[in-house]
Each structure stands twice: as structure tokens, then as C-alpha cells.
1. Among the residues of the stretch 132-148, which ones are within 22 Å of LYS56 (Cβ to Cβ) and crowded, with 17+ Cβ neighbours inside 10 Å?
2. So which residues in the stretch 101-130 are outside any loop (DSSP other than H, G, I, E, B), in contact (Cβ under 8 Å) with a residue 24 or more places away in the chain and buried (at least 17 other Cβ atoms within 10 Å of the Cβ)?
3. Before we move on, is VAL74 outside any helix (DSSP H, G or I), touching a residue at least 60 places away in the same chain (Cβ under 8 Å) and either loosely packed, with under 13 Cβ neighbours inside 10 Å or not basic (Lys, Arg) (or both)?
4. Of all residues in the stretch 116-155, which are touching a Gly at 6+ places or on another chain (Cβ under 7 Å) and more than 30 Å from MET32 (Cβ to Cβ)?
Amino acid sequence: MLDKRAHTLTEILVSSMIIVIFFMSAIGVFVMAKTFYASCMDGQQLQRDVNLVMDKMIKGMKEGGVRYGERSAVSFTAPIATITRLEFVGTDGQTRRYYLASGGIVYESPTQNPNVQTIYTTPANSAITLCFWQPAGYLDNQTVAIYLAVTKNVSGKTSVGSLATYINLRNL
């Protein structure tokens, strides 16, 4: 007599369900890891952008072979008129400005053509915050605090890049 063993329909259905559950779990883990990775990469890119913009603002923009930035300023307009706008006087006696305008940071110079230059434009689905203030105890018009942040929302995840610093005039 032959001993034939066969799988019943119930056994096949149970094993199929176990395989489906396993693969669905694996796909879920993969999708979560991919979303987390994309969020981290967005955060790193935003932090790089913030660092580059802050560096541009501190070191300044080149005008006729000379850099005019906060580090080469003679004084800041005091008190700071608005928290999102900074006016400073360069070594040439001309007033320059940094401020927010239509989703970007603008540098305004009286000696440059064009006079208004956008130095950073926010990426899609993002917002920018730029604040200037005189730190407590530094009412000498020589020190200014700056806070810059860019936030981006992708697929329900928020990524942030931010930086805050004090600038003290160096060429007094």
C-alpha cells in the first residue's frame, strides 16, 4: 500500500497567511525605514542650507572686490527696527540690509546692481524664520544676535535646520 501524504486546503491557507503576514511586515519595516531616512536627509540638507546662509550673512557679499557683511560692519542700526530686518553700516559708510521677503532672505546694498539680491529661497513645503535682536547687556550697537531656521514638512514629517549666534563687530 502506498503512503500518500497530501496537504489539506486548511494547511495551505494557514501557511499562505503566515507568508503574507511576514512579507507585509517586512514591507512595513522597509517603508518606515525609507521615510525615516528621507526625513533625516531633509534635516541634514536644511541644516546645510542654514549654515551656508548664516555664513553668507556674517562674511558678507562681495561688492567691487570688498566683502560687506556683519563682520565688516561699523555699527548696527539701533534699536533694531524690526525683529526680521537688520540694517548695518559698512566700512564705506553705506547702509546695507538683510531681511525676509516672499519666502527668502534678501540682501540690499546701495552700491550693487541690482540693489536687492535674494541670497536664499526656501524649498517647496517649507517655512523660514529669521530674527535679529540686541542681546541683553549688549546695548553698545556693536553686538547683534541672529536666529535662522528653516522647517520643511514632507509626508507628515517635519524636518528643521536652525542656527543662532551673536555677531560682535571686529573692526572697531
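Any read-out appearing in this document is the output of simple, stated calculations on the displayed coordinates, not a laboratory observation. Since the model is a prediction, treat every value here as computed from it, not as a measurement. Glycine also receives a Cβ, built like all others from the backbone with ideal geometry; neighbour counts cover every protein chain displayed.
1. Kept after step one, since they are within 22 Å of LYS56 (Cβ to Cβ), are these residues of the stretch 132-148: 132-135, 142-148.
Listed by number, the residues that qualify are PHE132, GLN134, GLN142, VAL144, ILE146, LEU148.
2. ILE105, TYR107, TYR120, SER126, ILE128, LEU130, listed by residue number.
3. Values: outside any helix (DSSP H, G or I): yes; touching a residue at least 60 places away in the same chain (Cβ under 8 Å): yes; either loosely packed, with under 13 Cβ neighbours inside 10 Å or not basic (Lys, Arg) (or both): yes.
Yes, satisfied.
4. Result: THR118, TYR120, THR121.
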